[in-house]
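What follows draws every value from the coordinates through simple rules; no lab data is involved. Predicted model only: the values in this text are computed from it and were never measured. Glycine also receives a Cβ, built like all others from the backbone with ideal geometry; neighbour counts cover every protein chain displayed.
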Amino acid sequence: MIVLRDVSLILQSQAGPVNILRGANLRAGAGEHLAVVGPSGAGKTTLLMLMSGLERATSGTVRVAGQELTGMDEDQLAKFRLENVGIVFQSFHLAPAMTALENVALPLEFARRADAFDLAAKALERVGLGGRVKHYPAQLSGGEQQRVALARAVVASPRLILADEPTGNLDHATGQKVVDMLFTLAQESGATMVLVTHDPGLAERCGRVAHMEDGVVEELR
Ligand SMILES: Nc1ncnc2c1ncn2[C@@H]1O[C@H](COP(=O)(O)OP(=O)(O)OP(=O)(O)O)[C@@H](O)[C@H]1O
Ligand SMILES: [Mg+2]
């Protein structure tokens with residue numbers, strides 16, 4: 001499902017080029033749950049950006065769901081994301097001027113699905129927010145906002161779910177609930193999941209763990 005080979009990423013900054021990834025290698029099979037751990041600044045978020053096509057590698061190959069992302073242009077990457085990937089961020093990333101229902105329907109509307117709002121309503125039911133569809137993000141608790149984000153991530157039945165510290169902004173009990181939901185959603189759909197986390201207990205819940213250090217994957221077990 002995911003094959004990263006010798007991936008490097010160099011970004012230009014005011015202080016000159018920054019070598020963020022330095023030959024990262026990684027594989028994950030279909031349906032696997034992979035945790036990505038490692039110190040702050042190791043490149044974990046960057047790795048997710050590359051898998052989702054939000055960032056393009058400077059060199060190396062990034063193959064996801066049978067597609068080679070390295071040579072794609074922005075339009076092709078956007079289409080790839082829409083069809084294959086659901087993403088959950090630490091800070092929810094909901095559109096503040098849209099209701100929960102509109103937020104969840106958005107990716108389907110981009111895909112011109114006529115049943116966008118029906119599917120969005122069902123996805124909100126699945127995360128226990130059937131009674132909150134008309135609420136705006138500011139009218140929801142942190143845990144509820146992250147559940148809206150979960151619903152949005154899975155509403156188009158992606159083959160790959162990427163989650164970047166999805167519990168980072170939540171208290172322990174709320175985070176636990178969100179994570180349980182994330183695993184249930186991934187399991188039910190058979191999706192592959194890549195989960196960045198600082199929480200060793202959470203990493204252990206994944207079948208496999210990739211340890212990143214200074215722009216490379218040091219260990220994959
Ligand atoms: N746009 C950018 N321009 C320059 N450097 C960047 C940029 N984005 C990230 N970096 C640098 O790349 C390195 C890896 O960042 P990344 O966000 O992937 O780390 P991380 O492992 O997710 O860390 P954390 O655990 O703190 O979230 C960091 O040193 C960061 O400062
Ligand atoms: Mg990060």
> Take the residues of segment 82-115 that are part of a strand (DSSP E or B) and β-branched (Val, Ile, Thr): which is nearest to SER141 (Cα to Cα)?
Replying inline: VAL88
> Counting only residues that are surrounded by 16 or more Cβ atoms within 10 Å (Cβ to Cβ) and of a type in the set (Asp, Glu), which one in segment 95-145 is nearest to VAL179 (Cα to Cα)?
Replying inline: GLU144
>> Suppose we filter segment 1-40 for residues that are within 10 Å of ligand 1 (Cβ to nearest atom), over 24 Å from PRO158 (Cα atoms) and either in contact (Cβ under 8 Å) with a residue 40 or more places away in the chain or hydroxyl-bearing (Ser, Thr, Tyr) (or both); how many remain?
In response: 9
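Give segment 1-60 a look and list any residue that's among the polar types (S, T, N, Q) and over 21 Å from GLY201 (Cα atoms), or say none. Break it down into steps so the answer makes sense when it comes.
Residues of segment 1-60 among the polar types (S, T, N, Q): 8, 12-14, 19, 25, 40, 45-46, 52, 58-59.
The answer is SER8, GLN12, SER13, GLN14, ASN19, ASN25, THR46, SER52, THR58, SER59.
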> Which condition number does MET51 fail, the rest of (1) more than 28 Å from GLU144 (Cβ to Cβ); (2) under 17 Å from the mean Cα position of the chain (by Cα); (3) within 14 Å of ligand 1 (Cβ to nearest atom); (4) surrounded by 22 or more Cβ atoms within 10 Å (Cβ to Cβ) being met?
Replying inline: (1)
> So which pairs qualify, if the first residue must be in segment 195-217 and touching a residue at least 40 places away in the same chain (Cβ under 8 Å), the second must be among the charged types (D, E, K, R) and within 12 Å of ligand 1 (Cβ to nearest atom), the Cβ gap must be under 7 Å, and the two must be at least 6 apart or on different chains?
Replying inline: VAL196/LYS44; VAL196/ASP164; VAL196/GLU165; THR197/GLU165; HIS198/GLU165; MET212/LYS44; GLY215/ARG22; VAL216/ARG22
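Return the residues of segment 26-81 that are assigned to a helix (DSSP H, G or I), among the basic types (Lys, Arg), more than 16 Å from ligand 2 (Cβ to nearest atom) and under 25 Å from PHE183 (Cα atoms); say none if nothing qualifies. So that I can check it myself, show each step before the final result.
Filtering segment 26-81 down to residues assigned to a helix (DSSP H, G or I) leaves 44-51, 74-81.
Subsequent filtering for residues that are among the basic types (Lys, Arg) retains 44, 79, 81.
Those left that are additionally more than 16 Å from ligand 2 (Cβ to nearest atom): 79, 81.
If the condition is that a residue be assigned to a helix (DSSP H, G or I), among the basic types (Lys, Arg), more than 16 Å from ligand 2 (Cβ to nearest atom) and under 25 Å from PHE183 (Cα atoms), then ARG81 is the only one that fits.
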